[in-house]
Amino acid sequence: MGARLAAALSVGLGLWSGSAALAQETPCRLALLLALDVSSSVDDQEYRLQKEGLAGALRDPDVRRAILDGGGLVALSAYEWSGRNQSQLVLDWVLLQDEAAIDAAVVRLLSAPRSYNRYPTAMGYALGFGAGILEAAPACERQVIDVSGDGITNDGFRPQQAYSHYPFEGVTVNGLAVMGSDPRVVEYFEGEVRHGPGAFVEIASGYEDFLRAMSRKLFRELNDMMVGELVPIPGPAAPEVTELR
């Protein structure tokens, strides 16, 4: 019996080692860090719509194909943010190697209780917190922070100051501006939050629109798409002609 157990353990360890080696050999193309707004402007129903919208986006077939068929691994992490000292990691770094890994990440995100609900909007501090999480990320070709929010900074320093004082070199910060709470939110996200190579801002008309906006945002991030970029139309006859994508 002891010999059989030893043999079984040997086979099991061999399979585990092979899987670990495969994960190490496959390059990571994207470390994606999701930052979710839990400030006082987000009520309980809006918080639920935000979390369910994110879960629905990760379940979207097009988003899943972009994760799994993109020519490299995707690492995912998530945190909730609010005031100066109210940022909380809710999903530590996980490699989305297959459907099961994505499903497990969705379950973890949905099951995590709301971390805070009565604090202001300290986006600069939140971005500094995110920079620290990125330092612990797997080695990936791109690093992206995906910030969602419905307001502007009203406590502490601004995002631009965070970019100057924290390690954001080569990091892209994309925004998902949720309209309804503050009329300045879209302008603020475009002028203050958007940062780094290929950065963009997606807009949700309200938290009821969060699922659509997040699905589109993830799809763009996973495919490294720049909507509105001018690109040449191939063909020797008119090399100077361009089109919008």
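The values are calculated or read from the model by the stated rules, or taken from the named source; none is laboratory data. Not measured: the values here are computed from a predicted model. As a convention, Cβ positions derive from the backbone with ideal geometry for all residues, glycine included, and neighbour counts pool all protein chains shown. Note: accessible area is taken over every heavy atom of the protein model, side chains too, but ligands, DNA and RNA are not part of it. Shrake-Rupley method; radii C 1.70, N 1.55, O 1.52, S 1.80 Å.
Please list, in order along region 95-104, the HN-Hα scalar couplings obtained from phi with the Karplus expression 6.51 cos²θ - 1.76 cosθ + 1.60 (θ = phi - 60°), rounded to whole Hz, x for Gly and Pro.
8, 7, 7, 7, 4, 4, 5, 5, 4, 5
Can you bin region 109-174 into rounded, prolate or oblate? Criterion: square roots of the alpha carbon gyration tensor eigenvalues sorted a ≥ b ≥ c, rounded for a/c under 1.5, prolate for a/b above b/c, oblate for the rest.
Details: a/c = 2.14, a/b = 1.21, b/c = 1.77.
Oblate is the answer for region 109-174, as a/c is 1.5 or above yet b/c matches or exceeds a/b.
Multiply the residue gap between Q161 and A112 by 0.36 nm, knock off their C-alpha separation, and tell me the result in nm, one decimal place.
Stretched out fully, the Q161 to A112 stretch lengthens by 14.6 nm.
Which percent of the accessible heavy-atom area of region 82-161 goes to carbon and sulfur, probe 1.4 angstrom?
C and S atoms contribute 47 percent here.
Quick one: compute the contact order of region 106-207, relative version, from alpha carbon pairs under 8 angstrom and 6+ residues apart, as a percent.
In percent, rounded to a whole number, it is 26.
Rolling a 1.4 Å sphere over the protein heavy atoms, what is the accessible area per residue of region 37-193, to the nearest Å²? Please list the in-between numbers first.
On the way: 6880 Å² over 157 residues.
For region 37-193, the solvent-accessible area averages 44 Å² per residue.
For region 54-62, just list the computed ³J(HN,Hα) in residue order, Karplus coefficients 6.51, -1.76 and 1.60, θ = phi - 60°, integers in Hz, with x standing in for Gly and Pro.
Each residue of region 54-62 in turn: 5, 4, x, 5, 6, 8, 4, x, 5 Hz.
Measuring from a point 7 Å past the Cα of Q45 along Cα-to-C-beta, which residues in region 198-223 have an amide N at less than 17 Å?
Backbone N within reach: 205-211.
Under the Karplus relation 6.51 cos²θ - 1.76 cosθ + 1.60, θ = phi - 60°, what is the ordered set of whole-Hz ³J(HN,Hα) values for region 132-145, x standing for Gly and Pro?
Couplings: x, 5, 4, 5, 9, 6, x, 6, 10, 5, 10, 10, 10, 9 Hz.
If you look at just the Cα atoms of region 91-232, how large are its Rg and its Dmax in Å?
Reported Rg and Dmax, both Å: 15.5, 50.
Please list, in chain and number order, the residues 5+ apart from G83 or on another chain whose amide H is under 5 Å from its amide H, with Hs placed from the backbone.
It is A122, by chain and number.
Between region 76-118 and region 132-176, what is the separation of their alpha carbon centroids in Å?
16
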